[in-house]
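Accompanying notes for the structure given below.
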Amino acid sequence: MTPTVKLASDLIRLRSVTPDDAGCMPLMLERLEKIGFQTTHLRRGDTDNFWAERKGNGDGPLFAFAGHTDVVPTGPEENWQHPPFEPVIEDGTLYGRGAADMKGSLAAMVVACEEFVAAHPDHNGRIAFLITSDEEGPAADGTVRVVEWLEERGEKIDCCLVGEPSSTERVGDVIKNGRRGSLGLELTVFGIQGHVAYPHLAENPVHKLAPALAELAAEQWDNGNDFFPATSFQVSNINGGTGATNVIPGEVKVICNWRFSTETTAEELEDRARKILDKHGLRYDANFKLSGQPFLTAEGPLVKATQAAIQSVTGKATQLSTAGGTSDGRFIAPTGAQVVELGPVNATIHKVDECVAAADLDQLKDMYCGVLAGLLR
Ligand SMILES: [Zn+2]
């Protein structure tokens, strides 16, 4: 078993269901301290976080690996062919909760640093780790708190590699150099409850809402750009009515979400949505919640170093993408850092029998090593 696969297995064995770290961080910290990292444990609420940093020679960039030790719940464990917290390799595949999201990446990061520091003890710049135990949960006391702590100290990450599983078919085929923003809306439209036989004595909020909702759904919010698809709007829930056939409901509730590009902002979307609702004369209560700003890391030193590292390990080019859900990159990018995500194949993440090809983790380790060499040698 290679050092990367061994460390990944040791991490999988720890039941770190979000936001419990369950001893994963001590395992990583011990290894990092041994090779000269200064470490700071940052407990916030029920969440463990750490920042670790190794100073080299010269005033090169501050490069950080970012990731999370927590995993999503397993669901009924009897549905797993391979028990989720008993890592096992079968036909070259490593099984266990977190194998792909993202204990395999964490192991690859640590071993990559061990190899890189052994070969280049006097590397340029600084290598850092920003690790949290709450990425999969509310993420309120995780990465965002470490970023605040860094800001208080006047520290700025120049380049950040997030280990989220970005790959689709083979490791390194896709890296994420940005993410769409996410804006939620909880909308309540008010009417007047009454008997369906006496509609003139009532006011039907469903009838008022329907044309407004149709207009929201048909709206072209923007056309996207070279990096992002067009902003999308989706209704995810709609609830109203008493269950009786003869009652006009007093109110109807809708939950919607925008995934938006850098061509628009959350403020603009809210403004335009309110204009549509107002135009239809609705009485409503609208609660907008921004859960992530969009971000984009244009081609530059980090993207270049990552592409080159992948090319040299696999002999193949990589594709840049901004698709998929949000990640903790949303907290790091607004500080001005370049951010890319590179991790294993994401086909089984959050599923039963989560797994990753063991050889992929060693390739990933070599890619991480290559990124370090590209930026800090
Ligand atoms: Zn993840």
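The values are calculated or read from the model by the stated rules, or taken from the named source; none is laboratory data. The shown structure was predicted, so the numbers you read here are calculated from the model rather than taken from an experiment. A quick note on method: Cβ atoms are made from the backbone with ideal geometry, for glycine too, and the neighbour counts reach across all protein chains shown. With ligands, DNA and RNA removed, areas are computed over all heavy atoms of the protein, side chains included. Shrake-Rupley method; radii C 1.70, N 1.55, O 1.52, S 1.80 Å.
The number of residues in region 173-215 being farther than 22 Å from residue 135 by Cα, in a loop (DSSP other than H, G, I, E, B) and of a type outside the set (A, V, I, L, M, F, W, C) comes to 5. Quick check: is even one residue across region 153-160 surrounded by fewer than 24 Cβ atoms within 10 Å (Cβ to Cβ), within 14 Å of residue 327 (Cβ to Cβ), touching a residue at least 40 places away in the same chain (Cβ under 8 Å) and in contact with a strand residue (DSSP E or B) (Cβ under 8 Å, 6 or more places away or on another chain)? There is no residue in region 153-160 that is surrounded by fewer than 24 Cβ atoms within 10 Å (Cβ to Cβ), within 14 Å of residue 327 (Cβ to Cβ), touching a residue at least 40 places away in the same chain (Cβ under 8 Å) and in contact with a strand residue (DSSP E or B) (Cβ under 8 Å, 6 or more places away or on another chain).
Applying the set (1) of a type outside the set (Asp, Glu); (2) in contact with a Phe, Trp or Tyr (Cβ under 9 Å, 6 or more places away or on another chain); (3) within 16 Å of the ligand (Cβ to nearest atom) to residue 351 leaves exactly one unmet item: (2). Tell me whether region 267-280 contains one or more residues that are of a type outside the set (Ser, Thr, Tyr), in contact (Cβ under 8 Å) with a residue 60 or more places away in the chain, over 30 Å from residue 202 (Cα atoms) and surrounded by 15 or more Cβ atoms within 10 Å (Cβ to Cβ). Yes, because at least one residue in region 267-280 is of a type outside the set (Ser, Thr, Tyr), in contact (Cβ under 8 Å) with a residue 60 or more places away in the chain, over 30 Å from residue 202 (Cα atoms) and surrounded by 15 or more Cβ atoms within 10 Å (Cβ to Cβ).
Summed over region 41-73, the residues that are in contact with a Phe, Trp or Tyr (Cβ under 7 Å, 6 or more places away or on another chain), within 16 Å of the ligand (Cβ to nearest atom) and open to solvent by 10 Å² or more (accessible area, probe 1.4 Å) give a count of 0. Count of region 197-218 residues, restricted to those that are open to solvent by 50 Å² or more (accessible area, probe 1.4 Å), within 15 Å of residue 245 (Cα to Cα) and touching a residue at least 40 places away in the same chain (Cβ under 8 Å), is 3. The residue of region 133-149 that is nearest to the ligand (Cβ to nearest atom), among those that are among the hydrophobic types (A, V, I, L, M, F, W, C) and open to solvent by less than 10 Å² (accessible area, probe 1.4 Å), is 139.
Only one residue in 377, 330 is within 16 Å of the ligand (Cβ to nearest atom), of a type in the set (Lys, Arg) and farther than 30 Å from residue 76 by Cα. Which one?
Details: 377 fails: within 16 Å of the ligand (Cβ to nearest atom).
Answer to the selection: 330.
The set of residues in region 152-177 that are among the acidic types (Asp, Glu) and within 15 Å of the ligand (Cβ to nearest atom) contains only 164. Residue pairs whose Cβ atoms lie under 7 Å apart, sitting 6 or more positions apart in sequence or on different chains, and linking a residue in region 13-24 that is more than 22 Å from residue 89 (Cβ to Cβ) to a partner that is crowded, with 19+ Cβ neighbours inside 10 Å and among the polar types (S, T, N, Q), are 19/47; 19/133; 20/133; 21/69; 21/133.
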